[in-house]
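Asks: My questions will all concern the structure given below.
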Amino acid sequence: MKSTDETRWSRPLSRQGFHVPLAREFVTVVLSTIALVVICRLVAPSSVTYGSLAGSLPFAAIIAIVGLGQLLVVQQGGFDLSLAGGVSLAVVISTHYPQGDNALLLPAVVLAIACAILAGLANGILVSFFRLNAIVATIGVNALLYGGVFAVSGGVPKTTTTLLAAIAGGQALGLPNTVYFALATLLVVSFILKKTVAGRRFEAIGANPLAARAVGLRVRLHQLLAYVYAQLLYCMAGVLLAGVTREPTAFQGDSLLLPSVAVVVLGGTSLLGGRGFPISTVIAAFFLNQLSQFALAVGVPYSAQTIIQALALGFGIGVYSVRWTVNVVRQPRQLEGR
Amino acid sequence: MRISVGQKLALGAASTVMALAFSNLTQAETPSWCGPKKASIALLDGYGGNSWRQVTTASGKQEALKCPSITSYEYADGQGDTQKSISDIKAMAAKGIDALVVFPDAGQAMLPAITSVYKSGKVIVPYRVSAGGKAGVNYTQFVGDDFKTDGRNWGEWIKSILPKGGNLLFLSGPAGNSQGLDELEGLKSVLGPEYKFINPEPFDVTNWDPALTQKVLTAEIAKNDKIDVIVSDFGPSLVGALPLFEKSGRSIPALATSDGNSLGCFWTDHQKNNPDFKLFTVSTENDNARLAVQWAVAEATGGKPPEETTFKGPVFENSVTGKPNPVKCRADLPGQIYLSAELSAEEQTKAINTK
């Protein structure tokens, strides 16, 4: 895996940018998604109607945002299990602090962001400076964050303020607002990762920290910051989630951890770190969400729904093990390493 | 000291009045389930982390303190951890508490601890969730509730608003939960085949999670052009999802569910624009804890135990007839309180804001 990433770095940036849309990972996830939509149209047409999409896209958008956060950590060879606590804390701060008062929403969001930065720093320092295993460190921070969730909420849900419900739950030009938030996040993450010096360094460090260190890059700082960026994205997802569900529970983040990892993997990013695929990750979030809507729309019992989802997810990931001759022909040298 | 006849009479009258008043007072303060023997009581929750539990706990406490023989009241929260719940029970017994009221969330796993406390001579009353076992062998008394009655109440109402039958959508919590299955049995005992359940058998799984409820409802709305009634055993979790009907240009359908302030207020705000939106609720049953406390106190203090061993949740709101209550909304108070509970709305607000 890594050798391929390194050969990529040797290519000029301009060429690389040009070739990103043709990456195998991107094509795979797009084709899988198209296939899923076609199957939906044939087997469960109601799952691709406007009403169904309008209702389910906000959740896809939230999965996309947490997925992008997880992506940044995975790129550094890490793993962030504090996602559940981070999202839940943002949810309870943005609902409990204002107590329904719109005027207090902005201070609440600022407070949530401050907490996210602190949590990200804690994760980052533990992992990059104290060299703790990422899974161990982030489980610990997750417990701390849940301590915060209980301190703020006592585990009790609160109703969202009307302003937040209007912002996160509203629509513009026929699309849920959350989708715009997700797209904006995608643009920012993609641009920084692919087009800025800092972003290129970030990916290079993920691909090979030792080599990066040898050429004088600040490996630890970038690794630390990955956790901070991730927490900021979880925070954003949490605030949006609080707006989308009128009365969110205090543990709303729990059900997002697994999907966040799934979309990163489906998007084609290696769990060993290195090159990231933000666009593919967002499409994978749509794929995953559409998959659960499909399973619901088919109207089979819950057990069968779970099996359908697991099988399709297994298929989606399994596709990467199939060799793609199309791409091999297009870029014969670069892809041989895979 | 000389006292005139008139003064004597006045004094006599005054003392009689006082005595009467006092006896009235003691009568009002001492329910029949409260005996003369002094006792301490503890309420043990398997999981105390939501507003329903906090209101229920506060209700149990209020009930216990109605009895002057109760010398102390303790509370422990198992925090969803079976090990902690078990050690809480044992610790309370070891501390010398006479009567324990237990919400055994972990079910059968709690039975050994409950049995050992019972065998050591304490009064122990599990309630709401069955831990298995038998009264008089493993515990003093189990105070369950009756979800089939809820199902029947919903069914009767659905028949009254939809006499010719129609499409029903039934949502419950986690897959296979016994509450949902009992409710379905109650529903089916009243409703004939002309009422069609359009959800997958036995119910749509929501885990009582508002986000999942929203996703499930999205799929069902898109799939079914005609949904006449939604039946749900956790009304407030629907509040975020119901606007989906409005978004797809349809009226919110009739709703048979359990009560909650946020739901009542939602109905109040949305009924004008949604001609089909009728609301019928049964009590969310916070007062289940009261019956369990009555049993525990009666057994521990030598009072007369209540006749009932099952709490039957009463019907609460009916937007069509206004009986027994029209839909209630206290917009000035949090959405997470339950106006069907005996505990006053203000005290509930205090209970959920303590942490």
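Asks: Is it fair to say A:L193 is closer than 24 Å to A:T281 by Cα and surrounded by 15 or more Cβ atoms within 10 Å (Cβ to Cβ)? Working first, answer last.
Replies: Values: closer than 24 Å to A:T281 by Cα: yes; surrounded by 15 or more Cβ atoms within 10 Å (Cβ to Cβ): yes.
Yes; evaluated as a whole, the condition is true for this residue.
Asks: I'd like the residue in segment B:47-78 that is more than 19 Å from B:P334 (Cβ to Cβ) and assigned to a loop (DSSP other than H, G, I, E, B) and, out of all such residues, is nearest to the chain's Cα centre (by Cα).
Replies: Of everything passing the filter in segment B:47-78, B:Y47 is nearest to the chain's Cα centre (by Cα).
Asks: Further, regarding this structure: Among the residues of segment A:82-104, is there at least one that is in contact with a strand residue (DSSP E or B) (Cβ under 9 Å, 6 or more places away or on another chain), closer than 21 Å to A:A182 by Cα and either among the β-branched types (V, I, T) or at pLDDT 90 or above (or both)? Before the answer, list the steps.
Replies: Residues of segment A:82-104 in contact with a strand residue (DSSP E or B) (Cβ under 9 Å, 6 or more places away or on another chain): none.
Looking through segment A:82-104, none of the residues is in contact with a strand residue (DSSP E or B) (Cβ under 9 Å, 6 or more places away or on another chain), closer than 21 Å to A:A182 by Cα and either among the β-branched types (V, I, T) or at pLDDT 90 or above (or both).
Asks: Within segment A:136-184, take every residue that is among the polar types (S, T, N, Q) and surrounded by fewer than 18 Cβ atoms within 10 Å (Cβ to Cβ) and give me the one that is nearest to A:I113 (Cα to Cα).
Replies: First, the residues of segment A:136-184 that are among the polar types (S, T, N, Q): A:138, A:142, A:153, A:159-162, A:171, A:177-178.
Remaining after also requiring surrounded by fewer than 18 Cβ atoms within 10 Å (Cβ to Cβ): A:162, A:171.
Working: A:T162: 20, A:Q171: 24 Å.
Ranking the qualifying residues of segment A:136-184, first place goes to A:T162.
Asks: Among the listed residues A:F181, A:F191, which satisfies the condition of being within 22 Å of the chain's Cα centre (by Cα), modelled with pLDDT of 90 or more and within 30 Å of B:S51 (Cβ to Cβ)? Please lay out each step first, then the result.
Replies: Working: A:F191 fails: within 30 Å of B:S51 (Cβ to Cβ).
Matching residue, one of A:F181, A:F191: A:F181.
Asks: Turning to a different aspect of this structure: Does segment A:201-226 hold any residues that are of a type outside the set (A, V, I, L, M, F, W, C) and within 20 Å of A:G124 (Cβ to Cβ), and which are they? Can you show your working first?
Replies: Step one: of segment A:201-226, the residues of a type outside the set (A, V, I, L, M, F, W, C) are A:201, A:203, A:206, A:208-209, A:213, A:216, A:218, A:220, A:222-223.
Once the filter is applied, which keeps residues that are of a type outside the set (A, V, I, L, M, F, W, C) and within 20 Å of A:G124 (Cβ to Cβ), segment A:201-226 yields A:R201, A:E203, A:G206, A:N208, A:P209, A:R213, A:R218, A:R220, A:H222, A:Q223.
Asks: Confirm whether A:G155 is in contact (Cβ under 8 Å) with a residue 12 or more places away in the chain and in a helix (DSSP H, G or I).
Replies: Values: in contact (Cβ under 8 Å) with a residue 12 or more places away in the chain: yes; in a helix (DSSP H, G or I): no.
No; evaluated as a whole, the condition is false for this residue.
Asks: Sticking with this one: Here is a list: B:Q79, B:Q108. Which entry is over 23 Å from B:D287 (Cα atoms) and in the same structural domain as B:P305 (by TED's automatic domain parsing)?
Replies: Values: B:Q79 fails: over 23 Å from B:D287 (Cα atoms).
Answer to the check: B:Q108.
Asks: Any residue that is touching an Asp or Glu at 6+ places or on another chain (Cβ under 8 Å), farther than 30 Å from B:P200 by Cα and outside any helix (DSSP H, G or I) - is there at least one of those in segment B:130-137?
Replies: Taking segment B:130-137 as the starting set, the residues that turn out to be touching an Asp or Glu at 6+ places or on another chain (Cβ under 8 Å) are none.
Within segment B:130-137 (the criterion being touching an Asp or Glu at 6+ places or on another chain (Cβ under 8 Å), farther than 30 Å from B:P200 by Cα and outside any helix (DSSP H, G or I)), the answer is no, since none of the residues qualifies.
Asks: Restricting the search to segment A:267-294, which residues are at pLDDT 90 or above and β-branched (V, I, T)?
Replies: Within segment A:267-294, A:I279, A:T281, A:V282, A:I283 meet the criteria.
Asks: Let me ask something additional. Output the residue which, of all residues in segment A:257-284 that are of a type in the set (S, T, N, Q) and not in a helix (DSSP H, G or I), is nearest to the other protein chains (Cβ to nearest Cβ). If you could, list the steps in order and put the result at the bottom.
Replies: Keep residues of segment A:257-284 that are of a type in the set (S, T, N, Q), which gives A:260, A:269-270, A:280-281.
Applying the additional criterion that residues be not in a helix (DSSP H, G or I) yields A:269-270.
On the way: A:T269: 25, A:S270: 30 Å.
Here the answer is A:T269.
Asks: Give segment A:219-256 a look and list any residue that's over 23 Å from A:A184 (Cβ atoms) and within 14 Å of chain B (Cβ to nearest Cβ), or say none.
Replies: A:R246, A:E247, A:T249, A:A250, A:F251, A:D254, A:S255 - these are the residues of segment A:219-256 that are over 23 Å from A:A184 (Cβ atoms) and within 14 Å of chain B (Cβ to nearest Cβ).
Asks: Checking B:D259 against (1) in contact (Cβ under 8 Å) with a residue 24 or more places away in the chain; (2) surrounded by fewer than 23 Cβ atoms within 10 Å (Cβ to Cβ); (3) within 30 Å of A:P58 (Cβ to Cβ); (4) among the acidic types (D, E), which test does it fail?
Replies: Checking B:D259 against (1) in contact (Cβ under 8 Å) with a residue 24 or more places away in the chain; (2) surrounded by fewer than 23 Cβ atoms within 10 Å (Cβ to Cβ); (3) within 30 Å of A:P58 (Cβ to Cβ); (4) among the acidic types (D, E), the one that fails is (2).
Asks: Another question, if that's okay. Considering only segment B:91-123, state which residues are assigned to a helix (DSSP H, G or I), at pLDDT below 90 and under 18 Å from B:R53 (Cβ atoms). Quick ask: steps written out before the conclusion?
Replies: Start the filter on segment B:91-123 by keeping residues that are assigned to a helix (DSSP H, G or I), which leaves B:91-94, B:107-119.
Now drop any that are not at pLDDT below 90, which leaves B:107-109.
Once the filter is applied, which keeps residues that are assigned to a helix (DSSP H, G or I), at pLDDT below 90 and under 18 Å from B:R53 (Cβ atoms), segment B:91-123 yields only B:G107.
Asks: Let me ask another. At least 3 residues that are in contact with a Gly (Cβ under 6 Å, 6 or more places away or on another chain) in each: list the helices (runs of 4 or more DSSP H) lying fully within segment A:183-250 that qualify.
Replies: On the way: elements: A:197-207, A:209-214, A:219-244.
Qualifying helices (runs of 4 or more DSSP H): A:219-244.
Asks: Which one is farthest from the other protein chains (Cβ to nearest Cβ), of the residues in segment B:210-232 that are among the charged types (D, E, K, R) and out of contact with any helix residue (DSSP H, G or I) (no Cβ under 7 Å at 6 or more places or on another chain)? Explain how you work it out, then say what you get.
Replies: First pass over segment B:210-232, keeping only residues among the charged types (D, E, K, R): B:215, B:220, B:223, B:225-226, B:228.
With out of contact with any helix residue (DSSP H, G or I) (no Cβ under 7 Å at 6 or more places or on another chain) added as a condition, the list becomes B:220, B:225-226, B:228.
Working: B:E220: 8, B:D225: 9, B:K226: 13, B:D228: 17 Å.
Applying the filter and picking the extreme gives B:D228.
Asks: Kindly check whether there is at least one residue in segment B:240-247 that is among the charged types (D, E, K, R) and over 26 Å from the mean Cα position of the chain (by Cα). Step through it out loud before you land on a result.
Replies: Applying the first criterion (among the charged types (D, E, K, R)) to segment B:240-247 yields B:246-247.
Checking which are over 26 Å from the mean Cα position of the chain (by Cα) leaves us with B:246-247.
Yes, because at least one residue in segment B:240-247 is among the charged types (D, E, K, R) and over 26 Å from the mean Cα position of the chain (by Cα).
Asks: Is it fair to say A:L132 is in a helix (DSSP H, G or I) and surrounded by fewer than 24 Cβ atoms within 10 Å (Cβ to Cβ)?
Replies: Numbers: in a helix (DSSP H, G or I): no; surrounded by fewer than 24 Cβ atoms within 10 Å (Cβ to Cβ): yes.
The answer is no for A:L132.
Asks: From the list B:G264, B:G235, which one is more than 22 Å from A:C40 (Cβ to Cβ), more than 9 Å from chain A (Cβ to nearest Cβ), under 20 Å from the mean Cα position of the chain (by Cα) and modelled with pLDDT under 85?
Replies: Details: B:G264 fails: modelled with pLDDT under 85.
Going through B:G264, B:G235 in turn, the sole match is B:G235.
Asks: In segment B:304-354, what count of residues is obtained for those that are within 27 Å of B:P31 (Cβ to Cβ), of a type in the set (V, I, T) and part of a loop (DSSP other than H, G, I, E, B)?
Replies: Looking only at that region, the number is 3.
Asks: Determine which member of the set B:G121, B:G133, B:G165, B:G173 is assigned by TED's automatic domain parsing to the domain that holds B:K278 and at positive phi.
Replies: On the way: B:G121 fails: assigned by TED's automatic domain parsing to the domain that holds B:K278; B:G133 fails: assigned by TED's automatic domain parsing to the domain that holds B:K278; B:G173 fails: at positive phi.
Matching residue, one of B:G121, B:G133, B:G165, B:G173: B:G165.
Asks: For a quick check of your reading: which helices (runs of 4 or more DSSP H) sit entirely within segment B:142-231 and have at least 2 residues that are of a type outside the set (A, V, I, L, M), more than 25 Å from the chain's Cα centre (by Cα) and surrounded by 24 or more Cβ atoms within 10 Å (Cβ to Cβ)?
Replies: Values: elements: B:147-161, B:178-190, B:210-223.
Answer list for segment B:142-231: B:210-223.
Asks: Do we find a residue being buried (at least 22 other Cβ atoms within 10 Å of the Cβ) and more than 11 Å from every other protein chain (Cβ to nearest Cβ) anywhere in segment A:41-62?
Replies: Yes, that holds for at least one residue.
Asks: Quick test for you: out of A:A108, A:A165, pick the one residue that is touching a residue at least 12 places away in the same chain (Cβ under 8 Å), under 22 Å from B:G240 (Cβ atoms), among the small types (G, A, S) and in contact with a Gly (Cβ under 6 Å, 6 or more places away or on another chain). Can you show your working first?
Replies: Details: A:A108 fails: in contact with a Gly (Cβ under 6 Å, 6 or more places away or on another chain).
Testing whether each residue is touching a residue at least 12 places away in the same chain (Cβ under 8 Å), under 22 Å from B:G240 (Cβ atoms), among the small types (G, A, S) and in contact with a Gly (Cβ under 6 Å, 6 or more places away or on another chain) leaves just A:A165.
Asks: While we're here: Find the residue count for segment B:310-348, including only residues that are out of contact with any helix residue (DSSP H, G or I) (no Cβ under 9 Å at 6 or more places or on another chain), within 23 Å of B:V293 (Cα to Cα) and among the polar types (S, T, N, Q).
Replies: Number satisfying all stated conditions: 2.
Asks: Within segment B:317-355, how many residues are away from every other protein chain (no Cβ under 14 Å), under 23 Å from A:T249 (Cβ atoms) and either in contact with a strand residue (DSSP E or B) (Cβ under 9 Å, 6 or more places away or on another chain) or small (G, A, S) (or both)? Full working, then the answer.
Replies: To start, the set of residues in segment B:317-355 that are away from every other protein chain (no Cβ under 14 Å) comprises B:317-328, B:339-347.
Checking the rest, the ones that are also under 23 Å from A:T249 (Cβ atoms) come to B:339-341, B:343, B:345.
Subsequent filtering for residues that are either in contact with a strand residue (DSSP E or B) (Cβ under 9 Å, 6 or more places away or on another chain) or small (G, A, S) (or both) retains B:339-341, B:345.
Count: 4.
The values are calculated or read from the model by the stated rules, or taken from the named source; none is laboratory data. Source: prediction; values computed, not measured. Heads up, the Cβs are rebuilt from the backbone with ideal geometry, glycines too, and the neighbour counts pull from every protein chain shown.
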